[in-house]
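What follows is one structure encoded as structure tokens, with my remarks underneath.
The values are calculated or read from the model by the stated rules, or taken from the named source; none is laboratory data. Remember, it's a predicted structure, so these values are computed and weren't measured experimentally. Please note: Cβ atoms are built from the backbone with ideal geometry, for glycine as well, and neighbour counts cover all protein chains shown.
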Amino acid sequence: MEVLPDCPDSRQGTGWGRAGRTLRAIHAIHAIPSIRAIRAGRALFARGTVTRVGWSFTWSSLRPLTKALNNPVVWWPGGSLIDIPAKREAHMPSSTRTIPVLALLFAGLLLLPTTLTTGPVSTTESQGDALRQVAVVVETLSSSLDGGSGGISIGPDGSIYVADFGQMLNGSGTPGTRVFVVTPEGESRVFAEGFQGASGNELGPDGILYQSNIAGGFISKVHPDGTNERWVSEGLRAPVGIVMDGAGDLIVANCGSNTLQRVSPDGTSVQFVSSALLACPNGITMDTHGVFYVANFANGDVIRVTPEGEASRLATIPGNNNGHLVYHEGVLFVVARSAHQIYRVGLEGEVELLAGSGDQGLDDGPADQATFSYPNDIGVSPDGRYLYVNDVADLDSRGTLLAPMVVRRIRIGA
């Protein structure tokens, strides 16, 4: 990424003096209490990619405001600002256009948002004909579970089915053998056993949990009473994420072969997609039009796949290592695993930080202050009020250690 240089002091007699006066005029006209918006110049959007072009101002006349210039800021169409901690800047995409500085300054006259949001992120909820803002808050739901962070599925009663991947990501430990169920109140128990690295899963409308076994290379059927049966292995290579389409077929993300596999209700398994865009496909979800979205584990890309199997890059998420994702009411919620954050992605590729300061931790609180620890999968409560994620509870983990885990929830609705 090419970043524009620091601006010289306006007293040095360069062309920057006029630019400085222009900025001060903008500041006065809009009565902005902080210059955080100008810190980044403007944020630019390539399709589906967070990009930034910015600089730091050093004029002595702005010195009282320099404390507001600690973090880069991303501006999103609609007039809000989302802070991205400086330590995450290294994970941002490396290619962007360089824009002449003066053009950027004058663009500020036209594009400067009238509402600046630098506090907790909020979501908009509809109540009849009214819209209201709901503050996004992160809370810890369960106690530590003795397993590694695998997949999550949500039942119609709000039960959270959490898979045990195993203690270690690199396969050096014993593959996880269990699936837990956690109630909406946070109580947990073992639901089923007998797996070989329980990774992604999908709960069908008949109450059957379809569970990937990444170490075993097959899918299990888990009945409502917890009975576990080995089902399909044909064409599966380190399977992870699963989603069920409208016909009842399962679309399975094959991390081991960079493909998507279609498994019919009778167990017939055929390859659906093979694409160079898939890089250890991890999570998979589907929108109301039958379009699939895949989160890569080996990079930050989110891949869009049409019902006919055509793949294209929708977005790139900071961190270069995605967990899973879920579709809900016209948007995607994507886990940025190594970035310790959760992002909201529009179906045209707009990327917005939803929650997580970017530091590793298990701190509850407002979205911009809460911390996550290598979160993996994500699901939505039946009433749409909460997102559920599973975090690594051992804060000494550097991404390879996955156990124990803890279930967190993110309030996105009232």
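For the reader, a short list of remarks on this structure follows.
- Test: A367 is buried (at least 20 other Cβ atoms within 10 Å of the Cβ), touching a helix residue (DSSP H, G or I) at 6+ places or on another chain (Cβ under 8 Å) and farther than 30 Å from G246 by Cα: no
- Restricting S172, S153 to those that are outside any strand (DSSP E or B) and either over 18 Å from N228 (Cβ atoms) or in contact (Cβ under 8 Å) with a residue 60 or more places away in the chain (or both) reduces the list to S172.
- Of all residues in segment 299-316 being touching a residue at least 12 places away in the same chain (Cβ under 8 Å) and out of contact with any Leu (no Cβ under 9 Å at 6 or more places or on another chain), the one that is farthest from E348 (Cα to Cα): N299
- Unique match (being crowded, with 23+ Cβ neighbours inside 10 Å and either without any contact (Cβ under 8 Å) to a residue 12 or more places away in the chain or at positive phi (or both)) among G197, G290, G283, G241: G197
- Candidates L260, L314, L325, L332 - the one that is in the same structural domain as L347 (by TED's automatic domain parsing), buried (at least 18 other Cβ atoms within 10 Å of the Cβ) and over 30 Å from S357 (Cβ atoms): L260
- The set of residues in segment 336-356 being among the polar types (S, T, N, Q) and part of a loop (DSSP other than H, G, I, E, B) consists of S338 alone.
- So T177, is it at pLDDT 65 or above, closer than 25 Å to I284 by Cβ and not assigned by TED's automatic domain parsing to the domain that holds R385: no
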